[in-house]
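Laboratory data are not the source of any read-out in this text; all were calculated from the coordinates shown. Not measured: the values here are computed from a predicted model. Ideal geometry is used to build each Cβ from the backbone, glycine not excepted, and the neighbour counts take in all protein chains shown.
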């Protein structure tokens, strides 16, 4: 039955199946390279999709309802709240920063969440010890109940039942906050989370005029527990927007809980996918070597087929079908492994990071991984297969057959497959600019490395008579046919360039943060300083150091609601500018340009300006929104829409960590408006923990409404996030190292036959194993050194471009990480080369000569 079925298959497929039923060991490196790359690409995509599905599935719980309405420094009007309550159940939350003080006088920054009786609206709050939230927050003897996360409890040395002061209010710690269903819906905060009732927030005295309080009103549509459909949510938002077109609030719905988080997730997933694709392409040399070995092994069979009258196209078809079958098996293996990534990630994340995760088999990610794997296999398999097609029978029966270049049509076919691969990458990319930049950089690196390899071979021919027998032998191996120069330099160069770039990017980020901590950047930020207390607070800061540099400016919150007549929600700005339209931003007014900024277009307003309100806008934001001097925007501040004309554009040096804002208004724009002051203080002696601790404690005692943020703590939090992202990128880059190692190993193995003959002759003439080992080590060291030098230059250039053009940070060349990476790669090349040649080095001349 099986034989009858096979006999009905096309000849090329029958030949391939019968041949593959014998032995696949010749394709082991081929299969490994494809499996690793496909598994990484499909796995990364599936993990990202699982996270996106989890966010969508739990969006209602994370958001705390179907729709969230956010306002700053104002609560909803009775008419607005009545509209929301007409269509659903309403939950209101107040968010603000403050300082918490223990009985011992220790103080810490906190993020207050003041909730009503309907909170959390969706999901449940986890408390330790377990108890109803309303009971934990209820007033009792000694003050209101308070729930705090573990970080605050540990920092202030608290225990359940201890008293805590927040503002002018007294609290009793009743429970530890172990889980918060809507945690992901909030912005990143530097303080510890505490929950209190809204009555308790009033008792703190923190809600003074000008204090920055963000109010979130969540709506669960319908009067029952039934979940509203997506269409009902859309209709509600449309009606709400039509009823209050000038409300100036920030609307979120359950399927877009955090647009910034989702965008960052997409971009980081794409970056990891591109790195994984680099790993797949880096293993391409292994694919090419495996196919070359396959053609060499089947040389006699192909010669016989041609001699019996089989056209070259049929011989090629047989070989191609066999290679594609192997590639298909490898792709299936990679997809099987990649499909397990979401489930492994679910086990890991559930124990460490409280992210909503819905492990699933994502067909799109699997299809993309399969397509990438097959295309890479074609790109690197077609040229060696072409040699079998274009070589006459007489040459197929001789060893020189593989030296003939493949016909041009096969090189063009490989190029066409590469073009399809690039098109597919661009088609599936969330960030086209990132994808295009990465592809261009990688392609350029491959082309340059091939050129470097050709130059090395040419240089080796010129130095064929170098002094020293070992050196001459090493140079001879580099310039000989089937040299390892191209394979080793390309595979090692690409992966090492990636590692050098990552090391320099990480080092520059750390240097930036370290420099910020050591320079005269602010030591502290203080927010919510009442304008009536500004002079008193400045004198208080001066008492801690005579040379303290103190700055303060007014601060309010505003949101861009329209740009040149177009509503902000209808605009599609670039990803790196979209944040400017998402939610409220800090705004200020000033008579003179703020420090740390340079006017690049327009003019600053005259002192004492009186007339239509003007605004100074950050230059990159203006460019991203298509704005110029003279254009108008509408900004909602304190619930009031303000139409302002752009007077000038500023380039802001955000790295100074000083006080600066995206929007600076003319002073007359906010005459008599309530506002608070934001202060910074920079001490000449930055490393004084005792002074910082005393300042935090005394500020919290004397000015309980003021929230203090130590810049060093903020920088350490940012550095921790940067380290986590770098670790993920390193893990993906590690796959490139593995595939490069496989490619190099296959190349060394393919060159063993020629090396074996040379070694036997040299040993017959008196060469020792140690002498040959030294010659081989010198050959691999020379090639590794060339690849290393290229990688340092290319990696440094890539890191400088990413840092300065994309991240707007200073590039810092750190020699030690680069040296360690280069030396490590050099040792790897020498070690792998010697390991692959170990059998050749141990071959005895006598038995080998008798076999010839």
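Figures for the structure shown
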item: Intensity falloff of segment 419-517 expressed as log10 I(q)/I(0), Debye formula with alpha-carbon point scatterers, at q = 0.10, 0.14, 0.19 Å⁻¹; result: -0.48, -0.75, -0.96
item: Contact order relative to length of segment 33-173, as percent, for alpha carbon pairs under 8 angstrom and 6 or more apart; result: 20
item: Which of 92, 141, 582, 199 has the fewest Cβ neighbours within 10 Å, and the rest in rising order; result: 141, 199, 582, 92
item: Three-way shape label, segment 636-687, alpha-carbon gyration tensor, a/c 1.5; result: oblate
item: Virtual paramagnetic centre 7 Å along Cα→Cβ of residue 440, amide N under 19 Å, in segment 775-808; result: 794-808
item: Anisotropy class of segment 433-579 from Cα gyration tensor, a/c 1.5 cut; result: oblate
item: Centroid-to-centroid separation of segment 525-558 and segment 60-98 [C-alpha atoms, Å]; result: 32
item: P(r), alpha carbons of segment 549-682 - 10 Å bins starting at zero, rounded %; result: 12, 46, 36, 6, 0
item: Segment 446-490-segment 99-170 distance, computed between alpha-carbon centres (Å); result: 70
item: Chain lengthening between residue 628 and residue 645 when straightened (0.36 nm per residue, less Cα-Cα); result: 5.1 nm
item: Residues 420, 812, 425, 275, sorted so that the one with the fewest Cβ neighbours within 10 Å comes first; result: 420, 812, 425, 275
item: Nearest-0.05 FRET efficiency for residue 816 and residue 448, computed from C-beta distance (R0 25 Å); result: 0.45
item: Kirkwood Rh, Cα atoms: Rg over Rh of segment 66-253; result: 0.99
item: Between segment 266-289 and segment 566-602, the Cα center-to-center distance that results, in Å; result: 37
item: Neighbour-count ranking [beta-carbon atoms within 10 angstrom, fewest first] of 104, 676, 170, 77; result: 104, 77, 170, 676
